[in-house]
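A.B. asks: My questions will all concern the structure given below.
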Amino acid sequence: MGISVLIVGGGGREHALAWKIAKSPLVSTVYAAPGNPGVARYAECVPLAADDLDGLRKFAVSKRIDLTVVGPEAPLAAGLTDLLAKEGLLVCGPDRAGAQMEGSKVFMKTILEKYGIPTASFKVFDEYDEAEQYLLTHRLPVVVKADGLAAGKGVAVAQTYEEGIAFLKDVMERRVFGAAGERVVIEECLPGEEASYIVFTDGDKFVPLPSSQDHKRIGDNDTGPNTGGMGAYSPAPVVTPGVEARVHREIFEPLLAGLRAEGIRFRGILYAGLMIERGAPRVLEFNVRFGDPEAQPLFLRLKSDLVPLLLQCARGKITDAKMEIDPRPAVCVVMSSGGYPGSYGKGRPIEGIGEAEKEDGVVVFHAGTAMEDGRLVNHGGRVLGVTAIGDTLKEAIARAYRAVDKIHWEGAYWRTDIGRKALARRQADDSGGNG
Ligand code: AMP
Ligand code: GLY
């Protein structure tokens, strides 16, 4: 008999988790709360929302779940891990104290500053007038961040003072993000290229996944409003072995030691959003979970079993950290409902996923889908994550887009340039010799 696993969440990341976890010979039963129609191929979906902490606790206790894996940040910040731990259950995901690394930008920046970890210089404000005064003396562009969770919308990179003040008013006076806007961080804008770096940790040791990069803006060439992420690829060529060594030495080692000194043992997934400038990494943000859609290409590349690492993080002791990674690159193209991240139509039948998955190296992960009258329809903003692996990045991209072309529903939208930046960098590196 294998173990039972409960996956909390219902997006593309959770489909990728279910797909990977269900392959593990250690696992006999997978549940997902709430899951989605794609997850349902690998797991029994339970109609409990990811933020229904008490419902999740009762379910996990009644089934005596051996391992709970939490996809999104909100239940972690609300203390799901603490609740389940009190019942003697294992959870891969930090407790409430650790989840502040994502749940409070003020907490996170204060820790970085205290332990000398490279990040943008910043100031914290809890009074609107003082924040405005400081903002008007700051060099442009200037970055304004709501302290708390704001579903990825709590950050403005303001090119003008008008823009900065309008956002500051939204956050602190109009409270568009509620209590998340009680405090703000105002910080310098860092130049460079972004990348994501995700590790498994028991609070002491850490085991990194390969680098990755997402595409946050809705439009091609990084235009238009921010989204949850319109695509991702791994590896990110900007993260060279030299950069990687610095990320370990200058960021993760001092951070985990610092958190321990603060009495926090972080058990779970720690995701650093980095800005890399001429080989020097600096921290933009931390997330306390896998990225969505970064998890999709990463899990396609992960050849070894994911479950032993999740278990070791949950137990707080990484002892055997073998991880086999496919050297080939992978890409995820997100297909979304037209209109996202604004309003969009739902309930349109989706065709062609089966055909798309006949393409070599392609897996289609569900994010915002639902079953209506026996038909698969779009139900959320991000609908599918069409993910492909290939011998070269170019081939992975071509495969993903060939698969995208086979999938149809009325109003589907996707970016056409996922991975292009990495391709350009690779070509520049190739023509520039070994530099
Ligand atoms: P965050 O949620 O903190 O990652 O911010 C969202 C996005 O805003 C990041 O992915 C960056 O593109 C941008 N950003 C945040 N902070 C900065 C900064 N200090 N300098 C430049 N860009 C930033
Ligand atoms: N794709 C960015 C995130 O998961 O936060």
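The values are calculated or read from the model by the stated rules, or taken from the named source; none is laboratory data. Since this is a predicted model, take the numbers as computed values, not measurements. As a convention, Cβ positions derive from the backbone with ideal geometry for all residues, glycine included, and neighbour counts pool all protein chains shown. All accessible areas refer to the heavy atoms of the entire protein, side chains included, with ligands and DNA or RNA removed. Shrake-Rupley method; radii C 1.70, N 1.55, O 1.52, S 1.80 Å.
A.B. asks: Can you tell me the relative contact order of the chain? Whole percent, Cα pairs under 8 Å, sequence separation 6 or more.
C.D. replies: So the answer I get is 15 percent.
A.B. asks: Follow-up. With the crude spin-label approximation of a point 7 Å out along Cα→Cβ, what separation in nm comes out for Val207 versus Tyr161?
C.D. replies: According to this spin-label approximation, the distance is 5.3 nm.
A.B. asks: DSSP loop trypsin sites (Lys or Arg not before Pro) in region 142-224 with at most 12 other Cβ atoms within 10 Å of their Cβ, which ones?
C.D. replies: Qualifying residues, ordered by number: Arg174.
A.B. asks: Name the trypsin sites (Lys or Arg not before Pro) in region 351-430 that are in a loop by DSSP and that have at most 14 other C-beta atoms within 10 Å, would you?
C.D. replies: Of the trypsin sites (Lys or Arg not before Pro), the ones in loops of region 351-430 whose Cβ has at most 14 other Cβ atoms within 10 Å are Lys358.
A.B. asks: Tell me, in nm to one decimal, what length is gained between Glu130 and Arg315 on full extension, where the rule is 0.36 nm per residue of separation less the Cα-Cα distance?
C.D. replies: Full extension of this stretch gives 62.1 nm more.
A.B. asks: Over region 120-209, what is the relative contact order in percent, taking alpha-carbon pairs closer than 8 angstrom and at least six residues apart?
C.D. replies: Relative contact order, region 120-209: 35 percent.
A.B. asks: Here is a follow-up. Pairs to check: Lys205/Lys322; Lys216/Lys421; Lys23/Lys303; Lys216/Lys394; Lys216/Lys303; Lys394/Lys421. Give those whose C-alpha atoms are more than 19 Å from each other in this structure.
C.D. replies: Too far apart for the 19 Å limit: Lys216/Lys394; Lys216/Lys303.
A.B. asks: Nearest 5 percent is fine: what portion of the DSSP beta bridges confined to the chain is antiparallel?
C.D. replies: 80 percent
A.B. asks: Something else about it: Using a Förster distance of 25 Å, how high is the FRET efficiency between Val176 and Glu277, based on the Cβ-Cβ distance and rounded to 0.05?
C.D. replies: Here the calculated transfer efficiency is 0.20.
A.B. asks: Just the number please: accessible area per residue for the chain, 1.4 Å probe, all protein chains included, in Å².
C.D. replies: For the chain, the solvent-accessible area averages 41 Å² per residue.
A.B. asks: Lysines near Lys169 by alpha-carbon distance under 21 Å, same-chain residues fewer than 8 away left out - which ones?
C.D. replies: Lys105, Lys123, Lys145, Lys153
A.B. asks: Share of the chain's accessible area from carbon and sulfur, percent, 1.4 Å?
C.D. replies: It is 49 percent, rounded to a whole number.
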